[in-house]
Every structure is written in C-alpha cells, then in structure tokens.
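Asks: Would you mind keeping the following structure in view while I ask a few things?
The values are calculated or read from the model by the stated rules, or taken from the named source; none is laboratory data. None of the values given here were measured: they were computed from a predicted structure. Cβ placement follows ideal geometry from the backbone for every residue including glycine, while neighbour counts extend to all protein chains displayed.
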Protein chains: 2
Amino acid sequence: MFSKTEYMNRVRRTKEQMAITGIDVLLITNPSNMNYLTGYNAWSFYVHQMVMILIDEEEPRWIGRKQDANSAKETTWLQNKHILFYTDDFIQSPVKHPMEAIARALKKAGKEKARIGVEMENYYFTAKALKELEKGLPDAKFIDSTLMVNYLRMVKSETEIQYIKKAAVIAAKTMQTAIDSIEVGTRENDAVAEIYHAQISGTSTYGGDYPAIVPLLPSGTRTSSPHITWSDRRYEKDDTVIIEIAGCYERYHAPLARTLVLGTPSDEVRDLSEVVLEGLNETLNAIQPGQTCEEVESVWRDSIARNGFYKDSRIGYSVGLSYPPDWGEHTASLRNGDKTILKPNMTFHIIPGIWFDDYGVEISETFRITKTGCEVLTNFPRKLITK
Amino acid sequence: MFSKTEYMNRVRRTKEQMAITGIDVLLITNPSNMNYLTGYNAWSFYVHQMVMILIDEEEPRWIGRKQDANSAKETTWLQNKHILFYTDDFIQSPVKHPMEAIARALKKAGKEKARIGVEMENYYFTAKALKELEKGLPDAKFIDSTLMVNYLRMVKSETEIQYIKKAAVIAAKTMQTAIDSIEVGTRENDAVAEIYHAQISGTSTYGGDYPAIVPLLPSGTRTSSPHITWSDRRYEKDDTVIIEIAGCYERYHAPLARTLVLGTPSDEVRDLSEVVLEGLNETLNAIQPGQTCEEVESVWRDSIARNGFYKDSRIGYSVGLSYPPDWGEHTASLRNGDKTILKPNMTFHIIPGIWFDDYGVEISETFRITKTGCEVLTNFPRKLITK
C-alpha cells in the first residue's frame, strides 16, 4: 500500500493522458493498472471488474462483484461511496453480462455519448465485454487505451524500487532453494514444492506474494520448451534444468533465471552458456539512460554474432507490478525496433535465452536503470551452475 | 495425457456441434479447451495461441508462438505438420498483432469467407484479437461459440474422474496441512507456504499440479472478503480463517473449503456454520441425476430460509480441467434459473458460503453425479473446525 498522495499523483498523470487523447471516461480492467491507481488487490479478476475514471470527477470508482466490494473497501484508498457493485446473477451467466450493469452506470453518470477509453488488449477485457458495452451505449465512442496506464508505470517511485528489491531478495533465496532441491532421483514436483515454499515464506521480516507465473523448470530435452510446466518425472544424471522463477513482494516482481546441470554439461550446453553469459555481461555493461531498447538489444546481437549465433526473439521486457498470467508490463521490450528511451528507475527483466530443438540455456537478471548505467537487483552467481 | 481415441472422440463431438451451428472453422483460445482437444499444456496462454478446427480437416491445428511450438510437439497428439507458429516480433508489440498471422493462415486455407466460431467470453481472447481478425478477414462471419467445448467437457470420462479423485486426495492432504499450519502467532504467508508445498508435492505415487486459483484464506474481519489474498499478518486468538484450496492433478481440480476458528467461535460464527452445514448436507442428500441445477439450489435455499437466512449468490458450479484464473468450467451453476439437467459423471464444486459485512463461513465439497445420487469426492471432516 502506497501513500494516498502517491495514488492521487498516479490518477492525476492518468487524467493528463486522458485529456491529451480526448478521453472522457477511462475503464481500467487490467488488474495491475487497477492496483496501481487504487491499491485494489484480490484474486477476483476472473470475474469482470474495473476502475472507472471520469475526467470530471476527482476520485476513481471501483465496480465489481458484490462479494468483492468488501475487498475493495479493505484494500483501496477510495471512499465507500465510490465502491459500486453488480449482483451475483451476472456472474458467468449465459444470459446476462456484467457490462450491461456497467453501461447502465455510465448512462446514469450522463456518459452515454462520451469518448470512452478501454483496454482492448488486456486478458480480462474480452471480445464479448466490448460488444456488450457497445450495445448498451450505442452513442458512445470506444477508443483503445490499452497501454495508457502501463506506460505510466514504467518509471518506478523509490517505494516501488524498494518493493522490487525486496522481491529480488526472495528471488535469490528461492533460486538457492531450487538448486539445493534439484537432485538426481528427486521428482520435479518435489523441487517445485520447495520453490513455492521459499517464494511464499519470503524472509523473516516480510512475507512473499504469489508470482504472476508459476515456477518454470523444464529439464532434459524439455529445456527446448521454456513454458512447459513440471511433471513428477525424476531427475536423471546429466540433466540440464532451466530454472525461471520470480520473487514477489506486494505484487512487485523480480524474475531470475539460471541453468543447472546435474553432472557434466555437454559441450553444446557449456559452449552455449559461455556465449549467453558473454552477451549478457556485455549488454549489462553497456546500458545507459538515454539509450533506446533496441540499442540495448543490438549489443547482445553483436556479441552472440561474433560467436556465430543469431536469436530472433526479444531478450527482455519492462517488469514490476503484475498479476497472472504474466509478470511483464507489456510496454517496452528489449528488441529490434523498440525505440523506447531508457530513463532512471525503469526496471527490466533481461532474459537472453537461446533454445534449440533439444536443448537451451537461459541466464537472466532483473535490473533498474540508474543515472549512469544500470543496477542489477537480483543477486545470485551469474554462471552455468553444475552440481 | 489421454488416449488418442479419447482425444479424437472429443474432436468428433466438437465437429458435431460445429455442424449443428453451421460453423466451418472453430478457433479455440480457452486453454482448458485447447488441452481438452489436443493435450496442449504449458504456461504460454499469456501470449496469443489457439487450436483451430476446420470442419473439413481430420486433425486440428495448433498455432502459437514459435518457442511454444516445442511444447505443442511435446504435449499434444498432433502431427508436427499440424503445429504452426508465428514469429516473436508479434509478441506484445504495439504495432503488430498475432491475429494478423492467424488471419493469413486462414486465408491460405481458403477460409476467407468462412463462418468462424470464436470464444468471445474467454480471458485469452481479447477485444483487440477479435478486431484484428475482423480486419484481416473482412468477408468472414464471426460467431460467438464461447461455451461450445466447455459444455462437452461437463460429463467426465472414467479417466477424468480418476484424475479428479487423485486431485481430491491432494485437496484433503492440503486441508490438513493448512489446519496444522495455522496457529496463533504464525504469519499467514508461512501457512500458505506449507499449503503450496502440500499441493505440489502431492502424494508419494503422483505429483501435484498448480491449481488455477491461489490458496485463499482470509482471516479475521477479512473473512467477509472471500477473494482477498494473504498478507504477513500473524494470526490472533479467536481468529476465524476461511480456507479455500484445491488439489490439482494434470490440470483437473478438486476444490475444498473449510472454516477454522483459532479458539472459541463467536455465537454468530457457530450459528452460521450450523445453518451452512445443515443446508449443505440436505442439498447433497437430495441430489439426483435428472434434476436441474436450480432444483439443487432450491433445496439449499429452503433449508437456510427455515433458519431465517437468504443468500443471493450461486452455491456452486461445474468443475474439472482448468487453467488460471479460475477452476470453474463456466457452464452450469447451482443457482436459480439454471435449467441444466444433471447427468452421471458431471462434477461440481458446491460452496454454499454465507458472508456478512464482518464475518463469513464457507464449507464446500467437490462431488460427481452418480446413477442414483451423488458421490462426494473430497474426503475431509465436514464441520466447523476449531483448534
């Protein structure tokens, strides 16, 4: 929870963007943006809910399911009269849709002809939600405002940086737990149980929150499939395991990946890990505020090209406050074509993995841009790990 | 992983529904439905991906991100030539959208004028995804097919029932762990760490999978907010804790909720729990195949009305195969107005919680419909728990 001043400042900056783009009403359905503006925090994004900002009203409104309005009273800075709800008969009903209730609320507020910003590319704003809003408000104009608030989130406040640092401590502790738990003969799921335990128990002074992505630790030939989840297979001698986890504190993430070999790495894995490490180190050393994201990626690209490698996927992305299914902020990516200019206190997960058909290597860090370069926030030996 | 015969049978039944509704191409973006039809299983639903069924082609196609195509090769029964991908420059890009690539694939297949079914009310099919498809295929007709496959999933095969039973064993073990871990002076997150450990370690013969919802265990006055997540607050004497968890095996869920009091329950909580238990027991005893969902709910409604209570939210829903953010199937709900007829091997989570402004009680079970009544699959003492 941040100070009311910090939340009010975030709302003010959002309204500035609304004014620039001529938006009268902004409907925020991305749970990370809802949290950023109001503090709202509950596992209720599986039903329709939103934060509504009216350009001519000081305080936002929260609207969601009746039983979740209590969570809004508990977790947001909003006055109770700004916490509204729809009834339970709208929940997952084949005949009624919550956006009917939202459209009615907008009519009641005199916004039936408004220019309404919606987050069209957001997991929790379905195609049907837009259709229902359009049906209920035929004279309104709907404008795609998908990343408006996401972009405001990119530069973190000092308090946010402290949260990510706390998450980074959990990430390092969890990575050590993972490496200690993964043994020849151990089941994958038993290692994951220890990983979860470390993520959530956190430290003796603060607890851990749930990361937006489950622990990912493909092993053996499955290291070529970075998003495959665990099984109850037992680890075998000489298995390679790619461990990608995050620490999470109050919804702020610090992701971290390492590659572990249970025995002797193959020549291929050893060579590839050297290429990845060299590229990662060169890239981190070159980062400067004022650069663009694509300039960062080009350092990596040139480095691995010297070693005869080419990788056609992005090598990182803006990270911070998030909810499942993704801990990325969906704004800047470290890739060719991204002209975003780096500023102090932007935070990124740089994850320059290389995957082939039957093996892969990932080594990653979470860093923030400083006034002179970058500060790596995750603190764990940066190398191919063998045991 | 099920037999190829079982998957083919699911595809056949889907095509029957497509034929009935005049759909030439079905684009399945709900990860649970993707898994149901092909076995696909990876944490990759945070980027656009789908299973495409052409009515005139025997085998479905999987289309997603290039690096996830390896997961499709690993987890589905599809031939490699039916596993297609788009390149990484489409990922979370402000200037390109993966549905452009999908539209091109559909044109190439000669489907530019097809009647195309899409899951409009699905977390992973955004408003923008539909707009991009409409833009890329201006002569196609898009039809809402949101629950077509979900409804096919309602009656489970014997193998699916075995999976849910395995999940129920994990649920009971996890509930015991929760009750053992929650103590006066313990931090909430430390109890959750133990809960996660139990969920994922599973049993000595099979491992646990990640449930689609995090452990929910609001305590104290937060018991009025069922979806609020944990903090690092320490439990206090006489706290009420509502514990809602699931066991998960191979993506199949068995949810289970109990209410725990650390000390002496207040008169309010004790009385309310008796009402809930009486209502739950009467309802479970009355369930028969051939009844409608609303008839089940009316038993509960009548039972609590005798005790002077009224609850305006649904008391349960169809459950089974699922991915975050929800373990419900989004088809039948146990509520007034739902005319779905119960059939053997349908599976439900019945969760008749009652919440007031500052307290609440939840006691739930997962059950299947049998030929003569219902079988409760979760096996844990059905009572208000005190310690």
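Asks: So which residues in region B:303-334 are among the basic types (Lys, Arg) and within 22 Å of the chain's Cα centre (by Cα)?
Replies: Kept after step one, since they are among the basic types (Lys, Arg), are these residues of region B:303-334: B:306, B:311, B:314.
The answer is B:314, and nothing else.
Asks: Out of A:176, A:162, which single residue is outside the structural domain of residue A:100 (by TED's automatic domain parsing), surrounded by fewer than 18 Cβ atoms within 10 Å (Cβ to Cβ), in contact (Cβ under 8 Å) with a residue 60 or more places away in the chain and assigned to a helix (DSSP H, G or I)? Write out each step before concluding.
Replies: Numbers: A:162 fails: in contact (Cβ under 8 Å) with a residue 60 or more places away in the chain.
It is A:176.
Asks: Continuing with the same structure: Can you confirm whether residue B:170 is in a helix (DSSP H, G or I), touching a Cys at 6+ places or on another chain (Cβ under 9 Å) and within 17 Å of residue B:364 (Cα to Cα)? Quick ask: steps written out before the conclusion?
Replies: On the way: in a helix (DSSP H, G or I): yes; touching a Cys at 6+ places or on another chain (Cβ under 9 Å): yes; within 17 Å of residue B:364 (Cα to Cα): yes.
So residue B:170 fits the description; yes.
Asks: Would you be able to tell me the number of residues in region A:70-88 that are surrounded by 16 or more Cβ atoms within 10 Å (Cβ to Cβ) and over 17 Å from residue A:38 (Cα atoms)?
Replies: The total comes to 2.
Asks: Which one is surrounded by the fewest Cβ atoms within 10 Å (Cβ to Cβ), of the residues in region A:110-136 that are small (Gly, Ala, Ser) and touching a residue at least 60 places away in the same chain (Cβ under 8 Å)? Outline the logic, then answer.
Replies: Step one: filter region A:110-136 for residues small (Gly, Ala, Ser), giving A:110, A:114, A:117, A:127, A:129, A:136.
From the residues that got through so far, the ones that are touching a residue at least 60 places away in the same chain (Cβ under 8 Å) too are A:114, A:117, A:129.
Numbers: A:114: 19, A:117: 27, A:129: 25.
Restricting to residues being small (Gly, Ala, Ser) and touching a residue at least 60 places away in the same chain (Cβ under 8 Å), the top hit is A:114.
Asks: A follow-up question, please. Out of region B:63-87, which residues are within 7 Å of chain A (Cβ to nearest Cβ) and touching a strand residue (DSSP E or B) at 6+ places or on another chain (Cβ under 7 Å)?
Replies: Within region B:63-87, B:67 is the sole residue that qualifies.
Asks: Hey, residue A:103 hits all of (1) within 14 Å of chain B (Cβ to nearest Cβ); (2) outside any loop (DSSP other than H, G, I, E, B) but one; which does it fall short on?
Replies: (1)
Asks: For region A:183-220, name all the residues that are more than 8 Å from every other protein chain (Cβ to nearest Cβ) and over 21 Å from the mean Cα position of the chain (by Cα).
Replies: A:183, A:184, A:185, A:186, A:191, A:203, A:204, A:205, A:219, A:220
Asks: Next question. Does region A:285-340 hold any residues that are touching a residue at least 12 places away in the same chain (Cβ under 8 Å), within 14 Å of chain B (Cβ to nearest Cβ) and farther than 30 Å from residue A:249 by Cβ, and which are they?
Replies: The answer is A:294, A:301, A:311, A:336, A:337, A:339.
Asks: OK, next. Looking only at region A:17-37, count every residue that is assigned to a helix (DSSP H, G or I), touching a residue at least 60 places away in the same chain (Cβ under 8 Å) and out of contact with any Lys or Arg (no Cβ under 7 Å at 6 or more places or on another chain) and tell me the total. Lay out the reasoning, then the answer.
Replies: Of all residues in region A:17-37, those assigned to a helix (DSSP H, G or I) come to A:17-21, A:31-37.
If we keep only those that are touching a residue at least 60 places away in the same chain (Cβ under 8 Å) too, we end up with A:17-18, A:21, A:31-33, A:35-37.
Narrowing further to those that are out of contact with any Lys or Arg (no Cβ under 7 Å at 6 or more places or on another chain): A:17-18, A:21, A:31-33.
Count: 6.
Asks: Something else: Give the number of residues within region B:175-214 that are in contact with a Lys or Arg (Cβ under 6 Å, 6 or more places away or on another chain) and either modelled with pLDDT under 95 or farther than 18 Å from residue B:254 by Cα (or both).
Replies: Residues that pass the stated criteria total 4.
Asks: Within region B:187-213, count every residue that is farther than 12 Å from residue A:210 by Cα, among the hydrophobic types (A, V, I, L, M, F, W, C) and assigned to a helix (DSSP H, G or I).
Replies: Within region B:187-213, residues that are farther than 12 Å from residue A:210 by Cα, among the hydrophobic types (A, V, I, L, M, F, W, C) and assigned to a helix (DSSP H, G or I) number 4.
Asks: Out of curiosity, is residue B:235 among the aromatic types (Phe, Trp, Tyr) and within 11 Å of chain A (Cβ to nearest Cβ)?
Replies: Numbers: among the aromatic types (Phe, Trp, Tyr): yes; within 11 Å of chain A (Cβ to nearest Cβ): no.
It is false that residue B:235 is among the aromatic types (Phe, Trp, Tyr) and within 11 Å of chain A (Cβ to nearest Cβ).
Asks: Separate question: I'm trying to understand the selection: among the residues of region A:188-223, which are surrounded by 24 or more Cβ atoms within 10 Å (Cβ to Cβ) and at positive phi?
Replies: Within region A:188-223, A:202 is the sole residue that qualifies.
Asks: Do we find that residue A:273 is within 14 Å of chain B (Cβ to nearest Cβ) and either closer than 27 Å to residue B:69 by Cα or out of contact with any helix residue (DSSP H, G or I) (no Cβ under 9 Å at 6 or more places or on another chain) (or both) in this structure? Break it down stepwise before answering.
Replies: Values: within 14 Å of chain B (Cβ to nearest Cβ): no; either closer than 27 Å to residue B:69 by Cα or out of contact with any helix residue (DSSP H, G or I) (no Cβ under 9 Å at 6 or more places or on another chain) (or both): yes.
Answer is no for this residue.
Asks: Let me ask something else. Does residue A:323 qualify as being surrounded by 19 or more Cβ atoms within 10 Å (Cβ to Cβ), assigned to a loop (DSSP other than H, G, I, E, B), touching a helix residue (DSSP H, G or I) at 6+ places or on another chain (Cβ under 9 Å) and not polar (S, T, N, Q)? Let's see the steps before the verdict.
Replies: Numbers: surrounded by 19 or more Cβ atoms within 10 Å (Cβ to Cβ): yes; assigned to a loop (DSSP other than H, G, I, E, B): yes; touching a helix residue (DSSP H, G or I) at 6+ places or on another chain (Cβ under 9 Å): yes; not polar (S, T, N, Q): yes.
Yes.
Asks: Further question: Among B:1, B:8, which is the only one that is of a type outside the set (D, E, K, R), within 14 Å of another protein chain (Cβ to nearest Cβ) and surrounded by fewer than 18 Cβ atoms within 10 Å (Cβ to Cβ)?
Replies: Values: B:8 fails: within 14 Å of another protein chain (Cβ to nearest Cβ).
Being of a type outside the set (D, E, K, R), within 14 Å of another protein chain (Cβ to nearest Cβ) and surrounded by fewer than 18 Cβ atoms within 10 Å (Cβ to Cβ) holds for just one of B:1, B:8, which is B:1.
Asks: I would also like to ask the following. Just the residues that are of a type in the set (Phe, Trp, Tyr) and either out of contact with any strand residue (DSSP E or B) (no Cβ under 6 Å at 6 or more places or on another chain) or part of a loop (DSSP other than H, G, I, E, B) (or both), please, taken from region B:326-367. Explain how you work it out, then say what you get.
Replies: Here is the first cut: in region B:326-367, the residues of a type in the set (Phe, Trp, Tyr) are B:327, B:348, B:355-356, B:359, B:367.
Within region B:326-367, B:327, B:355, B:356, B:359 qualify.
Asks: Another question, then. How many residues are polar (S, T, N, Q), part of a helix (DSSP H, G or I) and farther than 18 Å from residue B:243 by Cβ when one looks only at region B:264-291?
Replies: Looking only at region B:264-291, we keep the residues that are polar (S, T, N, Q), and these are B:264, B:266, B:273, B:281, B:283, B:285, B:288, B:291.
Add one more test, that the residue is part of a helix (DSSP H, G or I), and what stays is B:273, B:281, B:283, B:285.
Now narrow it down to the ones that are farther than 18 Å from residue B:243 by Cβ: B:281, B:283, B:285.
Count: 3.
Asks: Next up: Would you call residue A:67 part of a loop (DSSP other than H, G, I, E, B), buried (at least 19 other Cβ atoms within 10 Å of the Cβ) and either in the same structural domain as residue A:206 (by TED's automatic domain parsing) or at pLDDT below 95 (or both)? First the steps, then the outcome.
Replies: On the way: part of a loop (DSSP other than H, G, I, E, B): no; buried (at least 19 other Cβ atoms within 10 Å of the Cβ): yes; either in the same structural domain as residue A:206 (by TED's automatic domain parsing) or at pLDDT below 95 (or both): yes.
No, not satisfied.
Asks: Of all residues in region B:96-107 being surrounded by fewer than 20 Cβ atoms within 10 Å (Cβ to Cβ) and in contact with an Asp or Glu (Cβ under 9 Å, 6 or more places away or on another chain), which is modelled with the lowest pLDDT?
Replies: B:96
Asks: Further question: Going by what's in this entry, would residue B:40 be described as touching a strand residue (DSSP E or B) at 6+ places or on another chain (Cβ under 9 Å), in a loop (DSSP other than H, G, I, E, B), in the same structural domain as residue B:145 (by TED's automatic domain parsing) and crowded, with 23+ Cβ neighbours inside 10 Å? Please lay out each step first, then the result.
Replies: Working: touching a strand residue (DSSP E or B) at 6+ places or on another chain (Cβ under 9 Å): yes; in a loop (DSSP other than H, G, I, E, B): yes; in the same structural domain as residue B:145 (by TED's automatic domain parsing): yes; crowded, with 23+ Cβ neighbours inside 10 Å: yes.
Answer is yes for this residue.
Asks: Further, regarding this structure: Before we move on, is residue A:128 of a type outside the set (Phe, Trp, Tyr) and assigned to a helix (DSSP H, G or I)?
Replies: Details: of a type outside the set (Phe, Trp, Tyr): yes; assigned to a helix (DSSP H, G or I): yes.
The answer is yes for residue A:128.
Asks: Only one of A:353, A:308 is on the phi > 0 side of the Ramachandran plot and at pLDDT below 95. Can you tell me which?
Replies: Values: A:353 fails: on the phi > 0 side of the Ramachandran plot.
It is A:308.
Asks: Ok, one more. May I ask you to say which residue of B:364, B:273 is on the phi < 0 side of the Ramachandran plot, in contact (Cβ under 8 Å) with a residue 40 or more places away in the chain and within 18 Å of the chain's Cα centre (by Cα)?
Replies: On the way: B:273 fails: within 18 Å of the chain's Cα centre (by Cα).
Answer to the check: B:364.
Asks: For the structure I just gave you, tell me whether residue B:229 is at pLDDT below 95, surrounded by 22 or more Cβ atoms within 10 Å (Cβ to Cβ) and in contact with a Phe, Trp or Tyr (Cβ under 6 Å, 6 or more places away or on another chain).
Replies: On the way: at pLDDT below 95: no; surrounded by 22 or more Cβ atoms within 10 Å (Cβ to Cβ): yes; in contact with a Phe, Trp or Tyr (Cβ under 6 Å, 6 or more places away or on another chain): yes.
No.
Asks: Yes or no: residue A:130 away from chain B (no Cβ under 14 Å) and either at pLDDT 95 or above or within 27 Å of the chain's Cα centre (by Cα) (or both)?
Replies: Numbers: away from chain B (no Cβ under 14 Å): no; either at pLDDT 95 or above or within 27 Å of the chain's Cα centre (by Cα) (or both): yes.
Criteria not met by residue A:130.
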